[in-house]
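A short write-up of the structure that comes next.
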Amino acid sequence: MLESDTILSAFADGVLTLTLNRPDKLNAFNEEMHLALRAGFQRAHQDASVRALLLTGAGRGFCAGQDLGDRDPRKDGTAPDLGRTIELFYNPLIRLIRTLEKPVVCAVNGVAAGAGANLALACDITLAARSAQFIQAFARIGLVPDSGGTWSLPRLLGEARAKALAMTGEPLDAETAASWGLIWKMVDDAALLDEAKDLAMKLAAGPTMGLGMTKRAIQAAATNSLDEQLELERDLQREAGRSADYAEGVVAFLEKRKPEFKGQ
Ligand code: T3D
């Protein structure tokens, strides 16, 4: 994995924890942090011992999106090619998260703005501290929501709320985010990390193959017809039915004990 102070990485109990670590900048993205975070997700893709991922931020913020200090138009008169940075950094990150066939838990410990907000929404199960806020900050600086925001917001919230959040850039508090279904749940600040870790550990001890295929199926539903989805479920169930974890799950049920899943 790429060594960088901008991402803290810890592995225990099958959970790879990645912590965005530029707290003075509310964990805004620079290129170094992008590359280090990418390396973390690539490890999760490749390393079978990683069975769940937990993403959070250091300090009082989760992530304030792009580091605008790196976009100061006063430094260089020419307009930056933001399409290039999206192509090189943000899009690959979102794709790595969505294609990882392992659960990705996100603990939003504070403000999540711009690409930081949409990064949190790209994860599978997102919890947020009571004090956290979600801000589609793009409108405040003349940009368009990226990192999948224009895809996830209308799907999670419907067009009316998606447009209002994206066009006003108004903060959405964690409680409302949870009640609207934007995230899984809100947790008291002091309890957030423990609760997110417990959840990630529980998922890491689960039937990884089945969970990964569940993720794939639910994501595919966004574009599939019911018939296509029924066929996908048949195919995935066939595959899941051949897994060692399925056999263990059934035997454990019959023996009235807890299953010991191996992720295979
Ligand atoms: O460029 C491309 O490649 C295209 C991709 C774009 C993706 C994007 O994410 S665009 C959106 C970029 N993000 C923003 O516009 C958010 C900017 N930040 C804010 O609006 C506010 O900081 C917050 C609402 C997030 C939090 O406000 P507050 O009052 O709690 O904190 P603060 O005082 O504004 O920030 C604390 C420090 O973090 C401060 O530094 P200082 O003064 O203590 O030295 C502030 O400058 C710094 N900071 C916060 N966000 C960023 C940042 N520094 C650089 N870039 C940031 N995005």
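The values are calculated or read from the model by the stated rules, or taken from the named source; none is laboratory data. Please read these numbers as outputs of a predicted model, since none were measured by experiment. So basically every Cβ, Gly included, is an ideal-geometry build from the backbone, and we count neighbours across all protein chains shown. When the accessible area is computed, the model is the full protein with side chains, heavy atoms only, and any ligands, DNA or RNA have been set aside. Shrake-Rupley method; radii C 1.70, N 1.55, O 1.52, S 1.80 Å.
Taking all protein chains together and a 1.4 Å probe, the residues PHE11, PHE138 rank PHE11, PHE138 from largest to smallest accessible area. Computed log10 I(q)/I(0) for the stretch 7-204 at 0.11, 0.17 Å⁻¹: -0.45, -1.12, from the Debye equation with unit scatterers placed on every C-alpha and solvent omitted. Each label point was placed 7 Å from the Cα along the Cα-to-Cβ direction; for ARG242 and ASP81 their separation is 4.4 nm. Since only ALA128, PHE29, LEU55 are under comparison, the one whose Cα sits farthest along the positive direction of the charge dipole of the stretch 1-159, derived from C-beta charges on Lys, Arg, Asp and Glu, is ALA128. When a 1.4 Å probe is rolled over the protein heavy atoms, the share of accessible surface on the chain that falls to carbon and sulfur comes to 55 percent. Each part reduced to its alpha carbon centroid, the stretch 90-163 and the stretch 216-264 end up 27 Å apart. Its residues counted as N, the stretch 107-264 yields a C-alpha radius of gyration over 2.2 N^0.38 Å of 1.24. Give me the angle, in degrees from 0 to 90, between the Cα long axis of helix 31-46 and the longest principal axis of the Cα atoms of the chain, rounded to the nearest 10. Orientation of helix 31-46: about 10 degrees from the principal axis. Other residues whose C-beta falls under 13 angstrom from the C-beta of GLU31 contribute a net charge of +1, scoring Lys and Arg +1 and Asp and Glu -1.
The tail of the calculated P(r) for the stretch 208-254 beyond 16 Å holds 42 percent of all Cα-Cα pairs. Across the stretch 174-235, the volume of the C-alpha convex hull divided among the residues equals 90 Å³ per residue.
3J(HN,Hα) along the stretch 137-142, derived from phi through the Karplus expression 6.51 cos²θ - 1.76 cosθ + 1.60 where θ = phi - 60°, amounts to 5, 3, 4, 5, 10, x Hz, with x in place of Gly and Pro.
For the stretch 7-204, the antiparallel share of DSSP beta bridges with both residues in that region comes to about 25%. Between PHE253 and ASP13, the FRET efficiency estimated from the beta carbon spacing at R0 = 25 angstrom works out to 0.60. Report the Cα centroid-to-centroid distance between the stretch 180-211 and the stretch 34-54 in angstrom, as an integer. Each part's Cα centre sits 17 Å from the other's. According to the Kirkwood relation over distinct C-alpha pairs, the hydrodynamic radius of the stretch 131-177 is 10.7 Å.
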